[in-house]
2 protein chains.
Amino acid sequence: MTRKKSAPVLHRDDPDKEPLVGNVKVTRQDWVNVAMDVLISDGVEMVKVLVLADRLGVSRSSFYWYFKSRQDLLDALLENWQKTNTEALVTQAEMPAGTITGAVCNVFRCVMNPALFNNKLDFAVRDWARRSGPVRRVLDQSDARRLSALSGMFERFGYEPLEALTRARILYFMQIGYNDAELHEPMDERLRLLPNYLLGFTGKAPQQDEIDDFIAYVEEISGETNSA
Amino acid sequence: MTRKKSAPVLHRDDPDKEPLVGNVKVTRQDWVNVAMDVLISDGVEMVKVLVLADRLGVSRSSFYWYFKSRQDLLDALLENWQKTNTEALVTQAEMPAGTITGAVCNVFRCVMNPALFNNKLDFAVRDWARRSGPVRRVLDQSDARRLSALSGMFERFGYEPLEALTRARILYFMQIGYNDAELHEPMDERLRLLPNYLLGFTGKAPQQDEIDDFIAYVEEISGETNSA
DNA sequence: TTTTAAATGGACAGTAGTGTCCAGTGATAT
DNA sequence: ATATCACTGGACACTACTGTCCATTTAAAA
């Protein structure tokens, strides 16, 4: 009765001071991180306390010190996703650009860059939403917000509202479908098709320098990924 | 030992002669049908033998007379899907058409018509594939087959192979994304956006009569659905 | 060094699923 | 009418989860 299970006071206030070597100490965030990994690679239904505990090399019951229940953890996961990914995409859609093609490329930059937008996480959540009403509702809100940002982007470049909305939808839902089916496909293929995609999304032929800029960006983030 | 569990001889050879009123008799197909319903509405992980048995008003163990195991049933579901939906889409993509817009409308006709293509089933299987390697492989094959048919469709109307492939992808993956996010949205919205979509997919402005034809078709199939 | 609260792990109870076994039932053929 | 065989349902064994309880350990504070 005297125990307060919520908001544990963690001994390791500064993570840099006492890095997580071996299995010194497990924090709430460690549980969340591992849960995120499992969510992404195996789906929600594999986010089970025993699975997570094993990965952390820790007993199952420890979990209940940090979280009220499994649901408590799932809520934390969802909240985290909602803030990071949606904000990133909206920010990128609102970024200034010289042409509509450049603006679409900005969106691509976001979606392709793991540092800006966790594509796999986004997809895992979409997956999850199919089995859970509450999650579905949160996802629908995020989709509406993202779509509205994309639609606004087209409008800023002179498209009529209806056409802007259509193009936003084609762009956004194409991303979803593409990532669903071809997440593991080589980047080369996507780059090869880039000019055609841009034409399809914008109705305007892209300039060569816009293509070049984008390819340079992709090479840049590929380098970063490898060096990490 | 003498029992042959496979290929049960069903007493009801002609389903019309002895329709399934009440719970006269359960057949293998009844199990498959119910499993299909559950797969579509609740996902694979809810396709449990007890759930199905309850829906059929029958005991759980009866299941094992018709199926070797739960996996046996799942295999049957997948095989059924693969044959119906993929064949339907490919057929529709190969259909003769006067213009590329008309050809794209043919594809739309298929995807929108529950009698030709079970959209929700398609999505349920896609969902399932995310959790199962073997299913993923079957799905990838189907996707490749469908994409190739769509690409060929664009090529028949003079698009270069690379552009044809891009447009096929935009069309196909847009459908996937759209159905994922907006399956429950009103048809009105989709029809309102139709001309813009067609422009985006083909790069050519649609003719008014092509739009009219399509809208007439949609009204026709809506009527059929209601009268059933 | 001792104290103490945070954090842990093992044992347990409860639930939900799969698959097996087998005695029983009822429709059909003889 | 009855014997047979297709078909069913209840009982059981097994496994895998969630969540609770509690005695013990450990690290920080005194």
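The values are calculated or read from the model by the stated rules, or taken from the named source; none is laboratory data. Everything numeric in this text was worked out from a predicted model, so none of it was measured. A quick note on method: Cβ atoms are made from the backbone with ideal geometry, for glycine too, and the neighbour counts reach across all protein chains shown. Ligands, DNA and RNA are stripped out before the accessible areas are found, and what is left, the full protein with its side chains, is counted by its heavy atoms. Shrake-Rupley method; radii C 1.70, N 1.55, O 1.52, S 1.80 Å.
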Förster radius 60 Å - calculated FRET efficiency between B:ASP213 and A:THR27 (Cβ-Cβ, nearest 0.05): 0.45
For segment A:78-227, size of Cβ-based charge dipole, Lys and Arg +1, Asp and Glu -1, in debye: 720
Label distances, nm, B:THR84 versus same residue in remaining copies, Cβ-directed 7 Å point: 3.9
Probe 1.4 Å - accessible area at A:LYS204, Å² to nearest ten: 100
Label geometry 7 Å along the beta-carbon vector: B:GLY57 inter-copy distances in nm: 5.8
Cut-off 15 Å between beta-carbons: net charge of the residues surrounding B:GLU210, Lys and Arg +1, Asp and Glu -1: -1
Listed residues B:ARG169, B:ARG137 arranged by accessible area, highest first, probe 1.4 Å: B:ARG137, B:ARG169
Stokes-Einstein D for segment B:74-227, Kirkwood Rh over Cα pairs, 20 °C, 1.002 mPa s (µm²/s): 133
Label 7 Å beyond Cα on the Cβ vector: B:ALA216 copy-to-copy distances, nm: 5.4
Cross-link pairs B:LYS48/B:LYS68; A:LYS68/B:LYS48; A:LYS120/B:LYS120; B:LYS68/B:LYS120 - those with Cα-Cα distance over 21 Å: A:LYS68/B:LYS48; A:LYS120/B:LYS120; B:LYS68/B:LYS120
Residue-span extension gain [A:ARG145 to A:GLU189] - 0.36 nm each, minus C-alpha spacing: 12.9 nm
